[in-house]
Every structure is written in structure tokens, then in C-alpha cells.
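Just so it is clear, none of the values below were taken in a lab; they were calculated from the coordinates. A quick note: this is a predicted structure, and the numbers were derived from the prediction, not measured. Reconstructed Cβ throughout: ideal geometry from the backbone, glycine too, with neighbour counts over all protein chains shown.
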Amino acid sequence: MRDEASGEIESMSDGVLIKVIAVLDVGYIFLGRTVSGGNSRFSFTEPVDLQRGDVIFINEQQWSRAPSSAWVDDSGVGVVRKILDDGVVIETSGGGMRVLDGVPRIEIDSGNTIQYTEIDGIIRVLSETPLRYRDSGIDEDLGEYIVRPGDTKLTFDSFGGYEDVKARARELIETQLDRAEELRRIGAKPVKGVIFTGAPGTGKTHLARVIADVADAVFYLVSGPSIVSKWVGDSEEALRRLFEDAAKKPRAIIFFDEIDSIAGRRSSDTNGESKRVVAQLLTLLDGFEADSNVIVIAATNRVEDIDEALLRPGRFDWEIQFNLPAPQDRFEILTLKANELETDVNLPLEELTTATEGWSGAMLTALWTEAALLAAGDGRVSIADEDLAIAFERVRTRPVHVRSESSNVA
């Protein structure tokens, strides 16, 4: 072949583009790949300066160098997981693993996010750290999942009724966190997880907040749908980072609301993403140390839909059930809210307790909200019994789906 390095390529019909993929004999013999994907071996009678990755144009009479832009080569993005003697293991954006053969021509470190092509291998470092694959969701500092305490910390006194449930919650704080050293000396395994079950609006989320405030723990609130990403592998990464961040805190509560939406029962019909999320959560729960400072609390109103592997002892060890409030619970909830508001004296709380049979804590709270709106609308600064009477009818006649999805603060 004749070297026409400075010549111009007239048309593709006159020859073919080839990208050098290997140098067999420096200056003389090369392997190349055509645009159509075929391989080609070509040689020269005189030495030429061609390297892996160079693009040339060849016809029967001559060859010439082509600009790199003439070769359309789709690149990929991945994260370096291990550097081998003869290649690099990367995690691709699709969540899989692959090996890029050959020693990289640029300096890289494990954890770098890199751009690569099939022929050239790694062509540049995009970031020194792993980049997230989704364009929204968890911030790098996980700030959107951390719920900051209010000006006044919650106590068990701010949770009306449910004395048995509160006693169990106190036990969780006292044994798992306050008596952690004693548990370690005994050799007992920690309570890794607690699951709150019961109808919507019975106070499951509110009690989790109370536990965090009383225990002086950082509170992570994770809504099931918010952790699920459209990008394969990103949901598992988010869970892992949550647990790692919580483990760095002196005390932490990770609360999963609607956990059935991300940890449903696995079956042959379950999609791959759901199976991976459940598997990741199982791995994280199994990774707790004996002196763990993290408690995982989950809430659901459909415990029968949760994967059975999560419910066995050693993962979610305790189940605390939130039934609809009994008469004494309803009276305490009504009294608690009355004490927080400006009200007239001698309100008929006993009669309301009887009339609200089957109501959740959220519905009882909604009763006071409606009454306050009525009083304010009438230009008054305290709630009267007639406000409660009208509010009672408003809440009682709401559609069932609206009542069940009210605020779950008890």
C-alpha cells in the first residue's frame, strides 16, 4: 500500500474506513475493524506510524489518515471496581459487570467513573468518584431523607392512647439503645428491625418520630415509592448509602413507610428490580453488628404482602400492631388534642368518645381541625361544642378512602 497521509478522502464508495485495534508488527502489520463490524488484517511494505485507535481510509491503491470524528463509536460509562494486570473490571450503567481488556492508557483509580469504547478501552475519567445514574432523588448528603427535630422534641406524652404500644416502644429504646453495653456483654443479638402493622391513620409514623426524639436519634424517613428508581441498580445503591450514613451517627432510626411497596413477596412474576431491592435490604439487615446503633422501623397496613424473608426472626424481630383505638384510647387522643388548642370548658368529650367508634387517630385529629376552622371562620378564638358537632358530621360523612388516608398523627 502507498502512504498518502495528507490526501483527502473523496467518497466512501472509493474504499473503506478501518480503525486499528491491534499492532502485530510495529510499522508493518496491523489488525483493524471496519464500520460494519468485520475484522481486517493489513500490512505495508514500508514502515508507517499507526497506533491502536487510529482511523484510516483504505482503497485498492492507497491509504490515508482519517479524522477520529469520521468513526462513529458509541461509548459507554462505568465505574472502575477493580484494576487487573491485564484489564479493568467496571460496573456499567446497566448495573452489570464487564472486563475491559488491556492496560489503560490513562491513569485511573478504583471508584473512578470512566468513559470507554469497545476498541479504545478507557478514554477518559469523568469523575474521581462514582456518579449516580439517576437525575433526581437522594441528595449526595442524604439530606432529603433526614427529618430534623422540631423546636419542641416529641415525647410519649404527645402520643395519645395505645399504652401497650408505647410500653413496647419504651422497651425498644431502653434495651436496644440505653442498655446496649449490657446486651453486648450478655452476648445477645440486637433487635435489628421492628415492623408497625395496622390500618392507615393509627399513628405508626408519628410513634416512629416519637421514638427517634426520645432516643435522641437521627431520624431517616424513607417513603417506599421514593426509594425505587427507574435506573437498574440505583435503588440498591441508595439503600446501601442510607445504612452506611446511619451507622456513622451515634444513634439512628431508619423508618420505611409503606415498606410493602418496595419489599413485596417475591415470585416468578416479580420484576428483577423488586427482587434486587428485597435482596439488598436482607443483606443490610443481616450485616448488623452486635453493638449496632441503628434501629430499622417499617410500617405497613398490608403485612401479608411483605416478603416472608424479611419477617423472620433476626431481621424484623418485633411486630407491633396498631389496632383502631379502643374507647379509652379515643378519649385520650381527644383530650390530648383539646389540651393543645384553645377550647371552651366542659366540651362533650365522653359523648364524642362513644360516637367515634371505629375511627382512627387521624380521623379524630381531623375532627379538631374542622372544628378549629369553623371557630376561626366565625371570628372566634376558641372551639365551642357546636363546632365539634358540625365537625363530627363533616368527618363522619367523608368518603371512606379520604378518611383512611388522612394524616396518621394520633
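Assign one of three labels to segment 76-127, namely rounded, prolate or oblate, based on the Cα gyration tensor with a ≥ b ≥ c the square roots of its eigenvalues; rounded applies when a/c is under 1.5, prolate when it is not and a/b is larger than b/c, and oblate otherwise. Rounded, because the longest to shortest axis ratio a/c is under 1.5. Spin-label pair Thr335-Arg380: with each label point 7 Å from Cα along the Cα-Cβ axis, the two points sit 2.3 nm from one another. For the residue pairs Lys166/Lys192; Lys153/Lys192; Lys82/Lys249; Lys204/Lys249; Lys153/Lys248; Lys153/Lys189, the C-alpha atoms sit more than 27 angstrom apart in Lys82/Lys249; Lys153/Lys189. Gain on full extension, evaluated as 0.36 nm per residue between Lys153 and Arg398 minus their Cα-Cα distance, stands at 85.0 nm. Counting every alpha-carbon pair across segment 143-322, the share separated by more than 21 Å comes to 47%. With the cut-off at 1.5 for a/c, could you classify segment 327-404 from its C-alpha gyration tensor as rounded, prolate or oblate? Because a/c hits 1.5 or more and a/b fails to exceed b/c, segment 327-404 counts as oblate. Between Tyr28 and Val89, the contour length at 0.36 nm per residue exceeds the Cα-Cα span by 18.8 nm. Look at Trp71, Trp368 and count the other Cβ atoms within 10 Å of each Cβ; fewest to most, that gives Trp71, Trp368. The ranking of Thr45, Thr117, Thr202 by Cβ neighbour count inside 10 Å, starting from the fewest, reads Thr45, Thr117, Thr202. Distance between the 7 Å Cα→Cβ label points at Arg265 and Glu118: 4.4 nm. Between Ala326 and Val214, the contour length at 0.36 nm per residue exceeds the alpha carbon distance by 37.8 nm.
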